[in-house]
Amino acid sequence: MAEATYTVKGMTCSHCVSSVTEEVSEIDGVQSVDVDLASGKVTITSAEPVPAEKVAAAVTEAGYELIG
Ligand code: 9UX
């Protein structure tokens with residue numbers, strides 16, 4: 001099991017959270033995604049580590065920016 005936490009810039013409402021959760025959940029191997037609106041933290045659990053570029057691409061696809 002791998003767990004990684006990233007920071008996303010630009011989420012300001014619960015629909016933003018839904019969009020990010022949906023896109024990140026579609027990445028191969030992702031088992032769960034937890035998005036905290038207040039902090040912008042996105043925690044991803046997966047069997048194997050997910051490449052950061054894939055997370056960045058999914059966040060961009062959702063319309064936000066990965067900043068950390
Ligand atoms: Mo809510 Mo987020 O109306 O970009 S969906 S602010």
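Give the stretch 37-56 a look and list any residue that's open to solvent by 50 Å² or more (accessible area, probe 1.4 Å) and within 10 Å of the chain's Cα centre (by Cα), or say none. Once the filter is applied, which keeps residues that are open to solvent by 50 Å² or more (accessible area, probe 1.4 Å) and within 10 Å of the chain's Cα centre (by Cα), the stretch 37-56 yields Lys41, Lys54.
Filtered by the rule that a residue be within 16 Å of the ligand (Cβ to nearest atom), assigned to a loop (DSSP other than H, G, I, E, B) and open to solvent by 40 Å² or more (accessible area, probe 1.4 Å), the stretch 1-29 gives Gly10, Thr12, Cys13.
The values are calculated or read from the model by the stated rules, or taken from the named source; none is laboratory data. The structure displayed is predicted, hence computed values, not measured ones. Cβ coordinates were reconstructed from backbone atoms using ideal geometry, including for glycine residues, and neighbour counts include every protein chain displayed. For accessibility, only protein heavy atoms count, side chains too; no ligands or nucleic acids. Shrake-Rupley method; radii C 1.70, N 1.55, O 1.52, S 1.80 Å.
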